[in-house]
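Everything on this sheet refers to the single structure shown next.
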Amino acid sequence: MVNQKIAAKFKTFSTSLRCPLCKESLELVQYKSLLCSNRHTYDISKHGYVNMLNHSAKSRYSKTLYKAREKIIMESELFDPLHDKISAVIHDYFANSSTTSLMLDAGCGEGSHLKKILEQSRIGTMTGVGVDISKAAIEQAAKNYKDEIWLVGDLARSPLADQSFKMILNLFSPSNYKEFKRILSSKGLIIKVVPRSGHLKEMRKSLYGSNEKSFYKNDEIVSLFRKHFTLTDTIHVTDVRKMDESKLPYLAQMSPLSWDSNQAAIHSFISRNSSHVTIDADILIGINK
(Lines give C-alpha, C1' and ligand atoms only; values in the text may rest on other atoms or scores of the structure.)
Protein backbone atom coordinates (compact mmCIF):
# COMPACT_ATOMS: atom_id res chain seq x y z
CA MET A 1 0.00 0.00 0.00
CA VAL A 2 1.32 3.45 -0.95
CA ASN A 3 2.17 5.81 1.90
CA GLN A 4 -0.32 8.70 1.73
CA LYS A 5 2.33 11.29 2.56
CA ILE A 6 4.48 10.11 -0.35
CA ALA A 7 1.47 10.03 -2.68
CA ALA A 8 0.56 13.58 -1.66
CA LYS A 9 4.09 14.68 -2.53
CA PHE A 10 3.71 13.27 -6.05
CA LYS A 11 0.35 15.01 -6.34
CA THR A 12 1.91 18.35 -5.40
CA PHE A 13 4.69 18.07 -7.97
CA SER A 14 2.91 16.09 -10.71
CA THR A 15 2.83 19.18 -12.96
CA SER A 16 6.63 19.02 -13.07
CA LEU A 17 6.48 15.51 -14.54
CA ARG A 18 5.51 14.28 -17.98
CA CYS A 19 4.95 10.93 -19.62
CA PRO A 20 8.24 9.75 -21.16
CA LEU A 21 6.34 7.89 -23.89
CA CYS A 22 4.02 10.57 -25.27
CA LYS A 23 5.24 13.69 -23.40
CA GLU A 24 1.74 14.43 -22.09
CA SER A 25 1.20 15.77 -18.57
CA LEU A 26 0.54 13.43 -15.67
CA GLU A 27 -1.91 13.42 -12.80
CA LEU A 28 -2.13 11.36 -9.64
CA VAL A 29 -5.07 8.92 -9.60
CA GLN A 30 -6.37 7.10 -6.54
CA TYR A 31 -3.24 8.13 -4.65
CA LYS A 32 -1.29 5.27 -6.20
CA SER A 33 -0.49 5.96 -9.86
CA LEU A 34 0.55 8.69 -12.27
CA LEU A 35 -1.61 8.66 -15.41
CA CYS A 36 -1.42 10.61 -18.69
CA SER A 37 -4.25 11.37 -21.12
CA ASN A 38 -3.13 8.45 -23.31
CA ARG A 39 -3.58 6.07 -20.37
CA HIS A 40 0.11 5.38 -19.85
CA THR A 41 0.34 4.49 -16.17
CA TYR A 42 3.22 4.66 -13.69
CA ASP A 43 2.62 3.19 -10.25
CA ILE A 44 4.13 4.46 -7.01
CA SER A 45 6.02 1.54 -5.53
CA LYS A 46 5.61 0.41 -1.94
CA HIS A 47 9.00 1.98 -1.21
CA GLY A 48 7.86 5.36 -2.53
CA TYR A 49 9.47 5.77 -5.95
CA VAL A 50 8.05 5.67 -9.49
CA ASN A 51 9.61 3.63 -12.29
CA MET A 52 9.21 5.66 -15.48
CA LEU A 53 11.66 3.65 -17.55
CA ASN A 54 10.12 1.97 -20.58
CA HIS A 55 13.02 -0.24 -21.57
CA SER A 56 15.44 -2.52 -19.77
CA ALA A 57 18.70 -0.96 -18.67
CA LYS A 58 21.90 -2.96 -18.47
CA SER A 59 24.60 -1.60 -16.23
CA ARG A 60 27.72 -2.64 -14.38
CA TYR A 61 26.51 -0.60 -11.42
CA SER A 62 25.29 -2.99 -8.72
CA LYS A 63 23.54 -3.00 -5.35
CA THR A 64 26.94 -3.61 -3.76
CA LEU A 65 28.33 -0.48 -5.40
CA TYR A 66 25.41 1.67 -4.24
CA LYS A 67 25.63 0.34 -0.68
CA ALA A 68 29.34 1.17 -0.71
CA ARG A 69 28.63 4.69 -2.05
CA GLU A 70 26.17 5.31 0.76
CA LYS A 71 28.76 4.16 3.32
CA ILE A 72 31.43 6.51 1.98
CA ILE A 73 29.21 9.55 1.38
CA MET A 74 27.18 9.37 4.59
CA GLU A 75 29.66 7.86 7.05
CA SER A 76 33.00 9.35 6.04
CA GLU A 77 34.10 12.95 5.55
CA LEU A 78 35.66 12.32 2.15
CA PHE A 79 33.20 14.41 0.13
CA ASP A 80 32.49 17.03 2.81
CA PRO A 81 34.60 19.79 1.18
CA LEU A 82 32.73 19.25 -2.08
CA HIS A 83 29.32 19.30 -0.36
CA ASP A 84 30.28 22.44 1.59
CA LYS A 85 31.18 24.41 -1.56
CA ILE A 86 28.10 23.29 -3.49
CA SER A 87 25.77 23.98 -0.56
CA ALA A 88 27.19 27.48 -0.15
CA VAL A 89 26.55 28.29 -3.82
CA ILE A 90 22.97 27.01 -3.60
CA HIS A 91 22.31 28.90 -0.38
CA ASP A 92 23.57 32.18 -1.83
CA TYR A 93 21.53 31.72 -5.01
CA PHE A 94 18.23 30.76 -3.38
CA ALA A 95 18.42 32.26 0.13
CA ASN A 96 15.95 35.06 -0.62
CA SER A 97 13.51 32.91 -2.59
CA SER A 98 10.09 32.44 -1.01
CA THR A 99 8.62 30.22 -3.71
CA THR A 100 8.68 26.45 -3.73
CA SER A 101 11.18 25.09 -6.23
CA LEU A 102 12.69 21.81 -7.35
CA MET A 103 16.31 20.67 -7.46
CA LEU A 104 17.09 17.81 -9.84
CA ASP A 105 19.98 15.44 -9.22
CA ALA A 106 20.51 13.98 -12.69
CA GLY A 107 22.15 10.57 -12.35
CA CYS A 108 21.63 10.58 -8.59
CA GLY A 109 22.60 6.98 -7.88
CA GLU A 110 21.41 6.02 -4.40
CA GLY A 111 20.74 9.66 -3.53
CA SER A 112 23.31 10.30 -0.80
CA HIS A 113 24.97 13.31 -2.46
CA LEU A 114 21.58 14.96 -3.00
CA LYS A 115 20.51 14.32 0.60
CA LYS A 116 23.70 15.78 2.06
CA ILE A 117 23.62 18.86 -0.16
CA LEU A 118 19.95 19.58 0.57
CA GLU A 119 20.57 19.35 4.31
CA GLN A 120 23.60 21.63 4.21
CA SER A 121 22.17 24.26 1.86
CA ARG A 122 19.24 24.85 4.26
CA ILE A 123 16.75 26.05 1.64
CA GLY A 124 13.37 25.20 3.15
CA THR A 125 11.48 25.92 -0.07
CA MET A 126 13.55 23.45 -2.11
CA THR A 127 12.50 19.85 -2.78
CA GLY A 128 14.97 17.37 -4.21
CA VAL A 129 14.17 15.10 -7.15
CA GLY A 130 16.54 12.25 -7.94
CA VAL A 131 16.54 10.52 -11.33
CA ASP A 132 18.65 7.52 -12.25
CA ILE A 133 18.40 4.75 -14.81
CA SER A 134 19.17 2.15 -12.13
CA LYS A 135 16.14 0.71 -10.35
CA ALA A 136 18.40 -0.72 -7.63
CA ALA A 137 19.83 2.74 -6.91
CA ILE A 138 16.45 4.48 -6.78
CA GLU A 139 14.91 1.77 -4.61
CA GLN A 140 17.74 2.22 -2.11
CA ALA A 141 17.31 6.01 -2.20
CA ALA A 142 13.56 5.77 -1.60
CA LYS A 143 14.03 3.41 1.33
CA ASN A 144 16.56 5.71 3.02
CA TYR A 145 15.41 9.24 2.20
CA LYS A 146 11.68 9.89 2.48
CA ASP A 147 11.55 13.66 1.91
CA GLU A 148 12.68 13.59 -1.71
CA ILE A 149 11.06 12.44 -4.96
CA TRP A 150 12.74 9.43 -6.59
CA LEU A 151 12.27 8.37 -10.21
CA VAL A 152 13.72 5.57 -12.30
CA GLY A 153 14.17 7.27 -15.65
CA ASP A 154 16.34 7.79 -18.70
CA LEU A 155 17.80 11.28 -19.04
CA ALA A 156 17.63 10.88 -22.81
CA ARG A 157 13.84 10.48 -22.55
CA SER A 158 13.30 12.43 -19.42
CA PRO A 159 10.02 12.17 -17.44
CA LEU A 160 10.35 15.85 -16.45
CA ALA A 161 8.33 18.77 -17.78
CA ASP A 162 9.70 21.78 -19.68
CA GLN A 163 11.34 24.48 -17.51
CA SER A 164 10.09 22.79 -14.35
CA PHE A 165 13.34 22.95 -12.36
CA LYS A 166 15.20 25.95 -11.01
CA MET A 167 18.33 23.93 -10.40
CA ILE A 168 20.14 20.84 -11.69
CA LEU A 169 22.93 18.92 -9.98
CA ASN A 170 25.12 16.60 -12.05
CA LEU A 171 27.85 15.04 -9.93
CA PHE A 172 30.46 12.74 -11.47
CA SER A 173 27.80 11.58 -13.91
CA PRO A 174 27.16 11.77 -17.69
CA SER A 175 25.16 14.74 -18.96
CA ASN A 176 22.42 15.24 -21.50
CA TYR A 177 22.64 18.98 -22.13
CA LYS A 178 19.75 19.11 -24.58
CA GLU A 179 17.42 17.72 -21.93
CA PHE A 180 19.00 19.81 -19.18
CA LYS A 181 18.29 23.00 -21.12
CA ARG A 182 14.69 21.91 -21.72
CA ILE A 183 14.06 21.02 -18.09
CA LEU A 184 15.84 24.00 -16.51
CA SER A 185 14.00 27.29 -16.16
CA SER A 186 15.31 30.46 -17.78
CA LYS A 187 18.22 31.76 -15.68
CA GLY A 188 18.10 28.49 -13.74
CA LEU A 189 21.22 27.23 -11.99
CA ILE A 190 23.21 24.16 -13.03
CA ILE A 191 26.09 22.71 -11.02
CA LYS A 192 28.23 20.02 -12.59
CA VAL A 193 31.11 18.30 -10.80
CA VAL A 194 33.89 16.79 -12.88
CA PRO A 195 37.06 15.08 -11.61
CA ARG A 196 40.48 16.63 -12.04
CA SER A 197 43.76 14.80 -12.64
CA GLY A 198 44.43 14.21 -8.94
CA HIS A 199 41.04 12.76 -8.09
CA LEU A 200 41.44 9.47 -6.15
CA LYS A 201 45.05 9.44 -7.28
CA GLU A 202 46.01 6.95 -4.56
CA MET A 203 43.55 4.42 -5.94
CA ARG A 204 44.56 5.12 -9.54
CA LYS A 205 48.22 4.56 -8.68
CA SER A 206 47.49 1.29 -6.85
CA LEU A 207 45.25 -0.05 -9.60
CA TYR A 208 47.01 1.18 -12.73
CA GLY A 209 50.49 2.38 -11.79
CA SER A 210 51.94 4.40 -14.68
CA ASN A 211 49.30 3.11 -17.10
CA GLU A 212 47.49 5.85 -19.04
CA LYS A 213 44.28 5.11 -17.10
CA SER A 214 45.91 6.73 -14.09
CA PHE A 215 45.70 10.14 -15.81
CA TYR A 216 42.58 12.17 -16.43
CA LYS A 217 41.80 15.47 -18.12
CA ASN A 218 38.45 17.25 -18.03
CA ASP A 219 39.15 19.92 -20.69
CA GLU A 220 36.64 18.57 -23.23
CA ILE A 221 33.89 18.26 -20.61
CA VAL A 222 34.39 21.85 -19.46
CA SER A 223 34.41 23.08 -23.07
CA LEU A 224 31.13 21.30 -23.84
CA PHE A 225 29.53 22.73 -20.69
CA ARG A 226 30.45 26.26 -21.80
CA LYS A 227 28.76 25.72 -25.16
CA HIS A 228 25.39 25.11 -23.50
CA PHE A 229 25.43 27.27 -20.38
CA THR A 230 26.89 30.57 -19.24
CA LEU A 231 29.78 29.51 -17.03
CA THR A 232 29.76 31.96 -14.10
CA ASP A 233 32.37 30.30 -11.92
CA THR A 234 34.65 27.30 -11.59
CA ILE A 235 35.48 26.21 -8.07
CA HIS A 236 38.50 23.96 -7.61
CA VAL A 237 38.24 21.57 -4.69
CA THR A 238 41.35 19.67 -3.68
CA ASP A 239 41.48 17.98 -0.31
CA VAL A 240 43.30 15.06 1.27
CA ARG A 241 41.44 13.12 3.95
CA LYS A 242 42.61 10.39 6.28
CA MET A 243 39.96 7.72 6.13
CA ASP A 244 39.17 4.99 8.58
CA GLU A 245 40.91 1.97 7.08
CA SER A 246 37.69 -0.03 7.42
CA LYS A 247 36.15 2.29 4.79
CA LEU A 248 38.77 1.64 2.09
CA PRO A 249 37.08 -1.56 0.81
CA TYR A 250 33.87 0.44 0.33
CA LEU A 251 35.77 3.11 -1.59
CA ALA A 252 37.13 0.44 -3.92
CA GLN A 253 33.68 -1.12 -4.32
CA MET A 254 31.99 2.18 -5.19
CA SER A 255 34.44 3.24 -7.89
CA PRO A 256 34.31 2.17 -11.56
CA LEU A 257 38.11 2.42 -11.41
CA SER A 258 38.13 -1.07 -9.91
CA TRP A 259 35.98 -2.68 -12.62
CA ASP A 260 38.83 -3.60 -14.94
CA SER A 261 41.45 -4.07 -12.27
CA ASN A 262 42.64 -7.37 -10.84
CA GLN A 263 42.01 -8.48 -7.27
CA ALA A 264 45.69 -8.25 -6.34
CA ALA A 265 45.76 -4.54 -7.24
CA ILE A 266 42.54 -3.88 -5.34
CA HIS A 267 43.92 -5.70 -2.29
CA SER A 268 47.11 -3.62 -2.56
CA PHE A 269 45.06 -0.43 -2.34
CA ILE A 270 42.92 -1.61 0.55
CA SER A 271 45.86 -2.91 2.61
CA ARG A 272 48.42 -0.15 1.95
CA ASN A 273 50.06 1.61 4.90
CA SER A 274 48.43 5.00 4.31
CA SER A 275 44.68 5.59 4.35
CA HIS A 276 44.90 9.12 2.93
CA VAL A 277 42.66 9.75 -0.08
CA THR A 278 42.58 12.78 -2.39
CA ILE A 279 39.46 14.46 -3.71
CA ASP A 280 40.27 16.70 -6.69
CA ALA A 281 37.39 18.14 -8.70
CA ASP A 282 36.04 21.16 -10.55
CA ILE A 283 32.62 22.48 -9.65
CA LEU A 284 31.22 24.18 -12.76
CA ILE A 285 28.58 26.82 -11.98
CA GLY A 286 26.35 27.67 -14.92
CA ILE A 287 23.22 29.65 -15.75
CA ASN A 288 20.73 28.61 -18.40
CA LYS A 289 21.02 31.07 -21.28
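Some points to look at:
- Pairwise label distance in nanometres, LYS187 with HIS276, each label 7 Å out on the Cα-Cβ vector: 4.6
- C-alpha long axis of helix 80-94 to longest principal axis of the chain, angle in °: 30
- Surface composition of the range 213-289: carbon plus sulfur atoms hold 51% of the accessible area, using a 1.4 angstrom probe and ignoring ligands, DNA and RNA.
- Between helix 63-75 and the chain: long-axis angle, C-alpha atoms, 0 to 90°, nearest 10: 80
- The trypsin sites (Lys or Arg not before Pro) of the range 88-159 that DSSP puts in a loop, and whose beta carbon has at most 15 other beta carbons within 10 Å, are ARG122, LYS146.
- Using a probe of 1.4 angstrom and keeping all protein chains present, the accessible surface of the range 94-145 works out to 32 square angstrom per residue.
- Relative to the longest principal axis of the Cα atoms of the chain, the long axis of helix 219-228 makes an angle of roughly 20 degrees.
- When each of LYS187/LYS242; LYS116/LYS205; LYS143/LYS227; LYS115/LYS178; LYS63/LYS201 is checked by Cα-Cα distance, pairs over 31 Å: LYS187/LYS242; LYS143/LYS227
- Per DSSP, loop chymotrypsin sites (Phe, Trp or Tyr not before Pro) in the range 217-288 with at most 16 further Cβ within 10 Å: TRP259
- Placed amide H near GLY188: partners under 5 Å, 5+ positions off or other chain: ASN288
- Accessible surface, the range 184-289, averaged per residue in Å² (probe 1.4 Å): 52
- From largest to smallest, the equivalent ellipsoid semi-axes obtained for the chain from the alpha-carbon gyration tensor read 33, 22, 18 Å.
- Fraction of accessible area attributable to carbon and sulfur, the range 43-184 (%, probe 1.4 Å): 46
- By the rule of a C-alpha distance below 15 Å, with chain neighbours fewer than 8 residues away ignored, the aspartates and glutamates paired with LYS85 are GLU77, GLU119, ASP233, ASP239, ASP280, ASP282.
- If the segment from LYS23 to ASP219 were pulled out straight at 0.36 nm per residue, it would be longer than the present Cα-Cα gap by 67.1 nm.
- Loop GluC sites (Glu not before Pro), the range 159-252 (other Cβ atoms within 10 Å of the site Cβ: 12 or fewer; DSSP): none
The values are calculated or read from the model by the stated rules, or taken from the named source; none is laboratory data. Computed from a predicted model, the values in this text were never measured in an experiment. With ideal geometry, Cβ positions are generated from the backbone for all residues, glycine too; neighbour counts draw on all protein chains shown. The accessibility values were calculated without ligands, DNA or RNA, using every heavy atom of the protein model including side chains. Shrake-Rupley method; radii C 1.70, N 1.55, O 1.52, S 1.80 Å.
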